[in-house]
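S.K.: Take a look at this one; I'll ask things after.
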Amino acid sequence: MKKLAQLAIDTALEKGASYADIRLIETQFEQFIVRNGQLSTAENTLSLGYGIRVLLNDAWGFASSTDLAPAKIKETALMAVRIAQSSARILGDRMILAPESAYEDFWMTPYILHPAKVPMEQKLDLLFRAETILRQDSRIKMAKAQMEYQEEKQHFANSQGSYIVQHLLRSGCGITATAVENGEAQTRSYPMSFGGNHRGGGYEVILASQLVEHAEKTREEAIQLVYAEPCPYKITDIVLGNGQMALQIHESVGHANELDRVLGWEANFAGRSFNTRDHLGHFQYGSEEVNLVADNTLPQGLSTQAYDDDGVKAQRFHVVQQGVFKNYFTTRDTARYIQQERSNGCNRAQGFAHMPITRIPNLSLMPGTLSLEELLGGVDDGIYMDTNRAWSIDQMRLNFQFGCEIAYEIKKGKLGKLYKNPTYQGMTPPFWRSCDGIANQDHWELIGVINCGKGQPMQIAEMTHGSSPARFRNVQVGIQA
Amino acid sequence: MISQEAARQITQQFFPYLDPKEELETVLKSSQVQSTRFADNGITQNVHIQEAELFLHLQKENRQAKLRITPSAIKEPASVLSNLRQILQNSPDLKITFPFPKKELPSTENPSGFFTNTLEHTPEEKASVLEKLAQQAQKHKNFIAGNYGTEWGALAYSNSHGTFGYHPKTVGYLDMTTTSSETETEGGSLKVHSDLSQISPDTIFQESFDIAERAKNAISKEPGYYPVVLHPKATSDLLYFLVQLCFRTRNYQEGTSFLSHKLGKPLFSELLSVEENADHPALHGHPFDFEGNLRQKRSLIEQGVPKEIVHDQKTAHYAGEFSTGHASAPTESIGPVPNHLWMKGGEASLEELIARTEKGILVYRFHYTNVLNPIELLLTGMTRAGLFWIEQGKIAYPLKNFRFTINLQEVFRHIEILGQEQVTENTLFKENIIAPAMKVSRFHFSSQTDF
């Protein structure tokens, strides 16, 4: 692999590139889905290929291929050079790299039991057992249990002399039940919606989720939701559970602080950000309770790796500290726009075929000091919501509307009646400034997001958001009839 | 680009190693993308991506095994088969599997929908076009951002009964936003066509620039219910979600779709007719699916009445029907769903729809539309890049953007007039959609944003 990598880099440098790198990636992916009593998906994927990035006259070029023949690698490197040459014709923003040392290193995601070593029979048995419990009521029309793992073996080399090998492993699982009665359908998921919860690690992540043990509760909640009252339309205090907090963090802090987005590089597709560079260091993003930390060294984090796709070491830093905005997510080619001497390591690509771009790292809300009882106790009349079901936010990351699977009335600090179809909306800074309570570390949990889409062509990335339940005041909930 | 012969060789290399009781089908999905992304009047990202995925499906005695592999990862065909057999051995007895087709499939290097000029368009040519557009933008103190790309994709199907099909196609696109550097107002335009020569960059620029100019000094308006005139791009966004929420066959059969138990009932305006038609010259779908079945036209909605759904072999068996050739890649777990949509339009131009509106809002496009409640067809999203107040048949002034929260059935029930059709694109999923402009009598804008 090292020889092939060097061939690509040498080819680019011979043609005048000032920098070149290559990522050779072998990916193994396995997914099983049991749905309504049948094995509906049994996917095994093996992919192998490489992507070459070249900087020439301060412009990027990128080319990828699955053909590992040396002649083809040269050809792909030459295509990347050609693309960079055409980019250099009209440069808006010059791509000037922040310095980073060269590294020779190996890193792998720690795990206890590799999923490839677990017999397929055992995996399917676990899924069928959980799914069977979900279906033990005729009102359940869709019952699903799923698990997956992905292992990426990456070889990264660049023209500065770095050669980094990383083996990244993530695993996850979940169950979902949809109850239908009288034209009404309600879905309940565990431990999270949209495919379950995922972490860095092996089969121990699957076992720790205890799908079978939670299947009955999941089923019963789906059924109860069908008969529940709809979430009322009013302005009230809300407490968001861990699952929904992950989405809140992701959409209204994560994407808003990708520096490439702030610079306008995503303007056509996903949009820009209200959090302009003049806010850096002093903008009141949230209340003093709010501390949001980016950390690609986080154990079990989905974007945890020793180095990003620029070859920059993983770091931990505040994005918001005691409510004040402190830092964007940067890469080697964007760091200079905020006078940062070094990238904070947020460049990643989906697989080998795509060019790395700025991605949200693991981003977590630090725990507060309240017990859950104290958190709820501070609400006289409000609503508790959890497990994300829907999300939409404007192109500047300001106006949002999010929906959850389940909600409960909070009356005098206690959870009361069930509500279905809960939604809430707000504007990002006033919403975070209305946060006046966060539960403590006893309730802090890691929630994995595996479907973050960005870019043209579209790429998917994964990251983890840790959070405890949190309380927000005077929020619009529900939908006007 | 993988030729027909190369695709045949890749997909059929395993057949000599099969046991007599085994059946194997293989599908090769290959693509080449040259995409030049630009922002701030310069190129920010410029990529040339080549990908190939081979899907293998082995069946024997009511058991099956599936594998997806890049051709580069195949060391020996026999060893790939050996992996598949191990998976098969551990798979449950499905009680029923479906035989692979034995019919002839289309196989040609040059179908309609394949244009050499699109395939051969170079990064240098794209840079040259963008250079001129950037100069125009700079003259007007604007920034352009967007994506200018050309793609080639091919689907090849083989099975151990001798069936083979190969179908390539090309897609060109220019998707652009123009933003005023003084007022930060934006306008957008895009065009998608198999033949890149049918896309006029100057026209795209002018359209997006005009909207950005007209959007200056936008005024706030109270959220509420208003009549709207929707540009075809906005209509296509809503149409996409209507079809996804109603016509995913697996959800329909499970009883969890809005459409479950309602096929054949008048649910929408009589003006609404939607066809699933991969053969339409503007939609250029592959003529066969991942199970080697020919893709059929379906009348999804006829004059407001949902009529037909689509099938793969499994859902067809459940319904007592035949596959309509809508099997998606085995890795896509949503099941069969239409994705070559043609909503029939009327005669009126966009200007005529505006002229026939006493008071209302002109919407050019939506942003981040998403589903709040699938079985109630409840959607939310934002307006973007062109929102204007109409008064007495004329555009009166620009508006600040709204969030909308709507019931799709109510929107498609209250169509007053349909405009002319236009080919547009779901920018998220890169699928063409033909949709008209339309005037709807009642549309709910639920809140506002700051710009």
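The values are calculated or read from the model by the stated rules, or taken from the named source; none is laboratory data. Worth saying up front: this structure is predicted, and the values here are computed from it rather than measured. Heads up, the Cβs are rebuilt from the backbone with ideal geometry, glycines too, and the neighbour counts pull from every protein chain shown. Areas reflect the complete protein model, heavy atoms only, side chains present, ligands, DNA and RNA absent. Shrake-Rupley method; radii C 1.70, N 1.55, O 1.52, S 1.80 Å.
S.K.: Tell me the residue from A:P361, A:P356 that is within 13 Å of chain B (Cβ to nearest Cβ) and either surrounded by 24 or more Cβ atoms within 10 Å (Cβ to Cβ) or at pLDDT 95 or above (or both), please.
M.R.: On the way: A:P361 fails: within 13 Å of chain B (Cβ to nearest Cβ).
Only one candidate passes the filter, namely A:P356.
S.K.: Further question on the same structure: Could you name every one of the strands (runs of 3 or more DSSP E) located completely within the stretch B:351-451 that has at least 1 residues being buried (at least 19 other Cβ atoms within 10 Å of the Cβ) and more than 14 Å from chain A (Cβ to nearest Cβ)? Outline the logic, then answer.
M.R.: Values: elements: B:359-373, B:378-391, B:394-398, B:402-407, B:415-426, B:431-448.
Once the strands (runs of 3 or more DSSP E) in the stretch B:351-451 are filtered for at least 1 residues that are buried (at least 19 other Cβ atoms within 10 Å of the Cβ) and more than 14 Å from chain A (Cβ to nearest Cβ), what remains is B:359-373, B:378-391, B:394-398, B:415-426, B:431-448.
S.K.: Residues of the stretch A:234-271 being in contact with a Gly (Cβ under 6 Å, 6 or more places away or on another chain) and within 28 Å of B:G146 (Cβ to Cβ), which ones?
M.R.: A:N268
S.K.: Have a look at A:Q401, A:Q395 and point out the one that is within 14 Å of another protein chain (Cβ to nearest Cβ), assigned to a loop (DSSP other than H, G, I, E, B) and surrounded by 24 or more Cβ atoms within 10 Å (Cβ to Cβ).
M.R.: Details: A:Q401 fails: assigned to a loop (DSSP other than H, G, I, E, B).
None of the other options fit; the residue is A:Q395.
S.K.: May I pose another question? Out of (1) open to solvent by less than 10 Å² (accessible area, probe 1.4 Å); (2) within 14 Å of chain A (Cβ to nearest Cβ); (3) not in a loop (DSSP other than H, G, I, E, B); (4) not aromatic (F, W, Y), the odd one out for B:L300 is which?
M.R.: Unmet for B:L300, out of (1) open to solvent by less than 10 Å² (accessible area, probe 1.4 Å); (2) within 14 Å of chain A (Cβ to nearest Cβ); (3) not in a loop (DSSP other than H, G, I, E, B); (4) not aromatic (F, W, Y): (2).
S.K.: Return the only residue of B:E207, B:E222 being open to solvent by 20 Å² or more (accessible area, probe 1.4 Å) and over 29 Å from B:H340 (Cα atoms). Reasoning before the result, please.
M.R.: Numbers: B:E207 fails: over 29 Å from B:H340 (Cα atoms).
One residue alone meets the criteria, B:E222.
S.K.: Give me the residue from the stretch A:237-268 that is open to solvent by 10 Å² or more (accessible area, probe 1.4 Å) and farther than 30 Å from B:Q45 by Cβ and, out of that set, farthest from the other protein chains (Cβ to nearest Cβ).
M.R.: Of everything passing the filter in the stretch A:237-268, A:N242 is farthest from the other protein chains (Cβ to nearest Cβ).
S.K.: Also: Restricting to the stretch B:137-154, name every residue that is in a helix (DSSP H, G or I) and buried (at least 18 other Cβ atoms within 10 Å of the Cβ). It would help to see each step written out before you state the result.
M.R.: Step one: of the stretch B:137-154, the residues in a helix (DSSP H, G or I) are B:137-139.
B:A137 - this is the single residue of the stretch B:137-154 that is in a helix (DSSP H, G or I) and buried (at least 18 other Cβ atoms within 10 Å of the Cβ).
S.K.: Determine whether the stretch B:82-104 contains at least one residue that is touching a Phe, Trp or Tyr at 6+ places or on another chain (Cβ under 7 Å), surrounded by 18 or more Cβ atoms within 10 Å (Cβ to Cβ), touching a residue at least 12 places away in the same chain (Cβ under 8 Å) and within 23 Å of A:P119 (Cβ to Cβ). Outline the logic, then answer.
M.R.: Here is the first cut: in the stretch B:82-104, the residues touching a Phe, Trp or Tyr at 6+ places or on another chain (Cβ under 7 Å) are none.
There is no residue in the stretch B:82-104 that is touching a Phe, Trp or Tyr at 6+ places or on another chain (Cβ under 7 Å), surrounded by 18 or more Cβ atoms within 10 Å (Cβ to Cβ), touching a residue at least 12 places away in the same chain (Cβ under 8 Å) and within 23 Å of A:P119 (Cβ to Cβ).
S.K.: Give me a count of the residues in the stretch B:155-198 that are farther than 15 Å from B:H121 by Cβ, open to solvent by less than 20 Å² (accessible area, probe 1.4 Å), of a type in the set (G, A, S) and more than 14 Å from chain A (Cβ to nearest Cβ).
M.R.: Total satisfying the criteria: 3.
S.K.: Can you pull out the residues in the stretch B:303-334 that are acidic (D, E) and surrounded by 21 or more Cβ atoms within 10 Å (Cβ to Cβ)? Lay out the reasoning, then the answer.
M.R.: Just the residues of the stretch B:303-334 that are acidic (D, E), to begin with: B:308, B:312, B:321, B:332.
Matches in the stretch B:303-334: B:D312 only.
S.K.: Among (1) of a type in the set (S, T, N, Q); (2) within 26 Å of A:E266 (Cα to Cα); (3) open to solvent by 20 Å² or more (accessible area, probe 1.4 Å), which single condition is B:Q253 missing?
M.R.: In the conditions (1) of a type in the set (S, T, N, Q); (2) within 26 Å of A:E266 (Cα to Cα); (3) open to solvent by 20 Å² or more (accessible area, probe 1.4 Å), B:Q253 misses (2) alone.
S.K.: Just checking, does the stretch A:301-311 include any residue being touching a residue at least 60 places away in the same chain (Cβ under 8 Å) and either part of a strand (DSSP E or B) or touching a helix residue (DSSP H, G or I) at 6+ places or on another chain (Cβ under 7 Å) (or both)?
M.R.: Initially, the stretch A:301-311 is screened for residues touching a residue at least 60 places away in the same chain (Cβ under 8 Å), giving A:301-307, A:309-311.
In the following step, the residues that additionally are either part of a strand (DSSP E or B) or touching a helix residue (DSSP H, G or I) at 6+ places or on another chain (Cβ under 7 Å) (or both) were identified as A:307.
Yes, because at least one residue in the stretch A:301-311 is touching a residue at least 60 places away in the same chain (Cβ under 8 Å) and either part of a strand (DSSP E or B) or touching a helix residue (DSSP H, G or I) at 6+ places or on another chain (Cβ under 7 Å) (or both).
S.K.: Within the stretch A:160-184, work out how many residues are at pLDDT below 95 and not charged (D, E, K, R).
M.R.: Number satisfying all stated conditions: 2.
S.K.: Moving on. Wholly within the stretch A:1-84, which strands (runs of 3 or more DSSP E) include no fewer than the required count, namely at least 1 residues that are closer than 30 Å to A:I175 by Cα and at the interface with another protein chain (Cβ under 10 Å from one of its Cβ atoms)?
M.R.: Values: elements: A:19-35, A:38-56, A:59-65.
Passing ranges, in order: A:19-35, A:38-56.
S.K.: Right, another one. Within the stretch A:16-56, which residues are among the hydroxyl-bearing types (S, T, Y), over 19 Å from B:I334 (Cβ atoms) and modelled with pLDDT under 95? Walk me through it before giving the result.
M.R.: First pass over the stretch A:16-56, keeping only residues among the hydroxyl-bearing types (S, T, Y): A:18-19, A:27, A:40-41, A:45, A:47, A:50.
If we keep only those that are over 19 Å from B:I334 (Cβ atoms) as well, we get A:18-19, A:27, A:47, A:50.
Once the filter is applied, which keeps residues that are among the hydroxyl-bearing types (S, T, Y), over 19 Å from B:I334 (Cβ atoms) and modelled with pLDDT under 95, the stretch A:16-56 yields only A:S47.
S.K.: If you scan the stretch A:104-122, which residues turn out to be at pLDDT 95 or above and open to solvent by less than 40 Å² (accessible area, probe 1.4 Å)?
M.R.: A:T109, A:H114, A:P115, A:V118
S.K.: A further question on this structure: If you scan the stretch A:447-463, which residues turn out to be open to solvent by 20 Å² or more (accessible area, probe 1.4 Å) and either in contact (Cβ under 8 Å) with a residue 24 or more places away in the chain or more than 13 Å from every other protein chain (Cβ to nearest Cβ) (or both)? Let's see the steps before the verdict.
M.R.: Of all residues in the stretch A:447-463, those open to solvent by 20 Å² or more (accessible area, probe 1.4 Å) come to A:449-451, A:453, A:457-458, A:460, A:462.
Matches in the stretch A:447-463: A:V449, A:I450, A:N451, A:P457, A:I460, A:E462.
S.K.: State all residues of the stretch A:164-181 that are of a type outside the set (D, E), in contact with a helix residue (DSSP H, G or I) (Cβ under 7 Å, 6 or more places away or on another chain) and within 14 Å of chain B (Cβ to nearest Cβ); if no residue qualifies, say none. Write out each step before concluding.
M.R.: Start the filter on the stretch A:164-181 by keeping residues that are of a type outside the set (D, E), which leaves A:164-180.
Next, from what is left, pick out any that are in contact with a helix residue (DSSP H, G or I) (Cβ under 7 Å, 6 or more places away or on another chain): A:171-173, A:175, A:177-179.
Of everything in the stretch A:164-181, those that are of a type outside the set (D, E), in contact with a helix residue (DSSP H, G or I) (Cβ under 7 Å, 6 or more places away or on another chain) and within 14 Å of chain B (Cβ to nearest Cβ) turn out to be A:A177, A:T178, A:A179.
S.K.: Scanning the stretch B:35-44 for residues that are at the interface with chain A (Cβ under 7 Å from one of its Cβ atoms) and surrounded by 24 or more Cβ atoms within 10 Å (Cβ to Cβ), which turns out nearest to B:A73 (Cα to Cα)?
M.R.: First, pick out the residues of the stretch B:35-44 that are at the interface with chain A (Cβ under 7 Å from one of its Cβ atoms): B:35, B:37, B:39-44.
From what is left, the residues that are surrounded by 24 or more Cβ atoms within 10 Å (Cβ to Cβ) are B:37, B:39, B:43-44.
On the way: B:R37: 30, B:A39: 37, B:I43: 34, B:T44: 32 Å.
Here the answer is B:R37.
S.K.: Open to solvent by 10 Å² or more (accessible area, probe 1.4 Å) and either in contact with a helix residue (DSSP H, G or I) (Cβ under 7 Å, 6 or more places away or on another chain) or among the hydroxyl-bearing types (S, T, Y) (or both), is that true of B:R63? Break it down into steps so the answer makes sense when it comes.
M.R.: Values: open to solvent by 10 Å² or more (accessible area, probe 1.4 Å): yes; either in contact with a helix residue (DSSP H, G or I) (Cβ under 7 Å, 6 or more places away or on another chain) or among the hydroxyl-bearing types (S, T, Y) (or both): yes.
Yes, satisfied.
S.K.: Of the conditions (1) of a type in the set (A, V, I, L, M); (2) under 24 Å from B:Q50 (Cα atoms); (3) within 14 Å of chain A (Cβ to nearest Cβ), B:A212 clears all except one; give me its number.
M.R.: (2)
S.K.: Let me ask something else. Looking at B:T315, is it within 14 Å of chain A (Cβ to nearest Cβ), β-branched (V, I, T) and touching a Phe, Trp or Tyr at 6+ places or on another chain (Cβ under 7 Å)? I'd like the intermediate steps shown before the answer.
M.R.: Details: within 14 Å of chain A (Cβ to nearest Cβ): yes; β-branched (V, I, T): yes; touching a Phe, Trp or Tyr at 6+ places or on another chain (Cβ under 7 Å): no.
Here the answer is no, as B:T315 does not meet what is asked.
S.K.: Criterion first (at pLDDT below 95, open to solvent by less than 40 Å² (accessible area, probe 1.4 Å) and under 22 Å from B:I390 (Cβ atoms)) does B:K216 satisfy it? Before you say what the answer is, go through the steps one by one.
M.R.: Values: at pLDDT below 95: yes; open to solvent by less than 40 Å² (accessible area, probe 1.4 Å): no; under 22 Å from B:I390 (Cβ atoms): yes.
No, not satisfied.
S.K.: Pairs, please: C-beta under 8 Å, at least 6 apart or cross-chain, first residue at the interface with chain A (Cβ under 8 Å from one of its Cβ atoms) and in the stretch B:119-132, second of a type in the set (D, E)?
M.R.: Going by the 8 Å Cβ cut-off, there are no qualifying pairs.
S.K.: Among the candidates A:G161, A:G92, single out the residue that is closer than 30 Å to A:S343 by Cβ, at the interface with another protein chain (Cβ under 9 Å from one of its Cβ atoms) and open to solvent by 30 Å² or more (accessible area, probe 1.4 Å).
M.R.: From the options A:G161, A:G92, the qualifying one is A:G92.
S.K.: Can you tell me how many residues in the stretch B:31-72 are closer than 28 Å to A:E266 by Cβ, touching a residue at least 12 places away in the same chain (Cβ under 8 Å) and part of a strand (DSSP E or B)?
M.R.: Total satisfying the criteria: 18.
S.K.: In the stretch B:78-109, what residues are under 24 Å from B:D289 (Cβ atoms) and outside any loop (DSSP other than H, G, I, E, B)? Before the answer, list the steps.
M.R.: The initial filter retains those residues of the stretch B:78-109 that are under 24 Å from B:D289 (Cβ atoms), namely B:80-81, B:84, B:87-88, B:91, B:94-109.
Those that are under 24 Å from B:D289 (Cβ atoms) and outside any loop (DSSP other than H, G, I, E, B): B:V80, B:L81, B:L84, B:I87, B:L88, B:S107.
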